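This report refers to the structure that appears directly beneath it.
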Amino acid sequence: IGFMGSGKSSVGKEISALCDYFFCDSDELIQSIVNKSINEIFEDLGESAFRNMESRLLQWLQANARHCVIATGGGMPVFNDMRNLGVVVFLDNDFENIAKRLDSKQRESRPLFNDTIKAKELFMARSSVYKNQADIIISPKDCALSPKQIAQKIMDCILHLQAK
Ligand code: S3P
């Protein structure tokens, strides 16, 4: 979990390679079900319809997904309780790093990142929500490492949690 552009997909794919699990991305799954892009869903159906789809998908994942790495959309943990899904990892990336990472195309594909000032407000409002939902928090400093290095750190933390 984490804010838009924090690196969830790139790190998630590295984790799935390390543990040989399937990787899935909640936005990709939702887009494939309705055959619309995230922008089209927001424009044609509205944000609340998207949030309903996210909640339904989360319930389905909680009931059915096993042995996989899931990158959630940035809002899923804000509107839903992530417990019972698995080990929840928060990529606590800095807003400045995120803003640097996202090029104009990546911003355009995110309806809630069109306006940087509003995105920063959302970032600040959500930070504590992500922290409360997480079993593991990857610090802003560690988020600056490569996706592979971050994935390795996460695997170490998970092994540590399991050894407890
Ligand atoms: C959202 C994050 C996006 C996507 C949608 C809403 C959010 O996913 O689900 O645009 O509310 O933070 P990413 O976090 O993968 O960009």
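Given +1 on the Cβ of Lys and Arg, -1 on the Cβ of Asp and Glu, and no further charges, what dipole in debye does the chain carry about its Cα centre, rounded to the nearest 20? Present the calculation step by step, with values, prior to reporting the outcome.
On the way: 20 positive and 21 negative charges, 68 e Å.
Charge dipole of the chain: 320 debye, to the nearest 20.
For the chain, modelled as a GNM with alpha-carbon contacts under 10 angstrom, which of N114, N64, N97 fluctuates the most? Comparing N114, N64, N97 in the GNM, the peak value goes to N64.
Pairs of alpha-carbon atoms within less than 8 angstrom and 6+ residues apart define the contacts here; what relative contact order does the chain have, in percent?
Values: 188 pairs, mean separation 58.1, N = 164.
Averaging sequence separation for qualifying contacts and normalising by length gives 35 percent for the chain.
Shape summary of segment 80-157, radius of gyration then Dmax from alpha carbon positions: 13.6, 37 Å. Legend: P(r) of the chain from all alpha carbon pair distances, 5 Å bins from 0, whole percents, reading 1, 9, 18, 22, 22, 16, 8, 2, 1, 0. Over what distance in Å are the Cα centres of segment 1-55 and segment 64-137 separated? One Cα centre to the other: 11 Å. Pairs of lysines in the chain whose Cα atoms sit within less than 19 Å of one another amount to 21, provided the residues are eight or more positions apart or on different chains.
Given the peptides 20-33, 66-79, arrange them by the average over their residues of other C-beta atoms within 10 Å, most packed first. Intermediate results must be reported in sequence, preceding the final value.
On the way: 20-33: 15.4, 66-79: 20.1.
Listed from highest to lowest mean packing, they are 66-79, 20-33.
Ranked highest first by average number of other Cβ atoms within 10 Å, how do 35-44, 8-17 line up? Spell out each step's value before the answer.
Details: 35-44: 13.8, 8-17: 19.9.
The most tightly packed comes first, giving 8-17, 35-44.
Quick note: the coordinates plus some simple rules give every number you see, no bench work behind them. A quick note: this is a predicted structure, and the numbers were derived from the prediction, not measured. Cβ: placed from backbone, ideal geometry, glycine included. Neighbour counts: every protein chain shown.
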